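In what follows, a structure is listed as structure tokens, so that the remarks can point back to it.
Every read-out reported here was derived from the displayed coordinates using simple, explicitly stated rules and does not represent laboratory data. Just so it is clear, the model here is predicted, and its values are computed rather than measured. FYI the Cβ positions are ideal-geometry reconstructions off the backbone, even for glycines, and counts take in every protein chain you see.
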Amino acid sequence: MHSIKNSKTILFSSTKGGVGKTIFTLNMAGIFSALEKKVLIIDLDLTSGAIALSLNIKYNKSIYEMSEDLKNNVFGDFDDYTLKYNDYISIIAAPKDPREASKVDLRYIDSIIDQATFKYDVILIDSNHDLNPLNLYLLDKVDDILFVVNNDPLCLKSTRSLLSILNNIEINNYHVVLNNSNNPYKNYFSLYDIKNILQANIDYSITNTFFIENIDKLIMAGEIITLNSSIARTFNKDYSTMMTIAADLTKGSDNNGKK
């Protein structure tokens, strides 16, 4: 366990489902793993979380059991509640039963994240697109926010509204990632149009060439795409973009604490 906090907490969010946010979260976990960073993915899409499911990991304990054990003062070792994907990536799963989602207390999520910052280099939090109390709390809690958008009118308009709210309350630690890979045939708008609709800059773009024909096969196999060496070679431009994202988000983070 690290003696002081030196981790970065990164929230992956969107304002609409179907933009490829969860796959992007997993891909970034793969990038950090390749950089030999100790990564924890916390699945806080509590009603329909898909991290453990995507990776074919069976589990009995989730964030729900963690919060219940903390509440009842029977919390064991932190590692007893995490799932191991490889030597660098661990996971805290969302509840299996969506009815348990409403029983997860924000106070204990706060405690779980704080404990994790002593144990991991990078904490990736996958959320959903609802502006509920949990997600509002996360927007204020984390070091950095990645908003994933795609070339879809409703997604762009709803993201513009959210970014306007965040700017008004002076939350500015966000970055916008344009994901053109989840539906490369949807080309309603140019990059110039997208920036004008969002009234914000696009910080990073995943190109439409990163569309992988056999992605369903990889997901069924529980594979993280960016840990597949042949894909890294084939899609080196987007792989390099994700490496840049990882470097930017961890810049200034070392054993002396957060930046």
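Structure notes:
- Mean-position separation - Cα centroids, the range 196-251 and the range 101-151, in angstrom: 22
- Nearest-ten-degree value, helix 153-168 long axis tilted from longest Cα axis of the chain: 60
- Least to most buried among Y81, Y192, Y120 (fewest other Cβ within 10 Å first): Y192, Y81, Y120
- For the chain, size of Cβ-based charge dipole, Lys and Arg +1, Asp and Glu -1, in debye: 420
- With the simple spin-label model, which puts each label point 7 Å out from Cα in the Cβ direction, the F211 to K84 separation comes to 4.0 nm.
- Pairwise FRET efficiency - N167 versus N6, Cβ, R0 = 30 Å, nearest 0.05: 0.55
- With a simple spin-label model that places each label point 7 Å from the Cα along the Cα-to-Cβ direction, the separation between N196 and A247 comes to 3.3 nm.
- Counting only alpha carbon atoms, the long axis of helix 106-116 and the longest principal axis of the chain meet at about 90°.
- Average projected area [Cα convex hull, the chain], square nanometres: 13.5
- With the charge dipole of the range 89-183 set up from +1 on Lys and Arg Cβ and -1 on Asp and Glu Cβ about the Cα centre, the Cα lying farthest toward the positive end among the listed residues L163, S90, H129 is that of H129.
- Near D80, once Lys and Arg are set to +1 and Asp and Glu to -1 for all other residues with Cβ below 14 Å from its Cβ, the sum equals -2.
- Cβ-based net charge around D69, under 14 Å, with every Lys or Arg adding one and every Asp or Glu removing one: -3
- Selection of GluC sites (Glu not before Pro), the range 1-90, meeting DSSP coil and at most 10 other Cβ within 10 Å: E36
- Arranged from fewest to most other beta-carbon atoms within 10 Å of their beta carbon, I169, I23 become I169, I23.
- Kirkwood Rh in Å, taken over all unlike Cα pairs in the range 1-83: 14.7
- Remark: the D97-K157 segment gains 18.4 nm on full extension, using 0.36 nm per residue and subtracting the alpha carbon distance.
- Residues D203, D143, ranked from the fewest to the most other C-beta atoms within 10 Å, line up as D203, D143.
- The chain: antiparallel DSSP beta bridges as a percent of all, rounded to 5: 10
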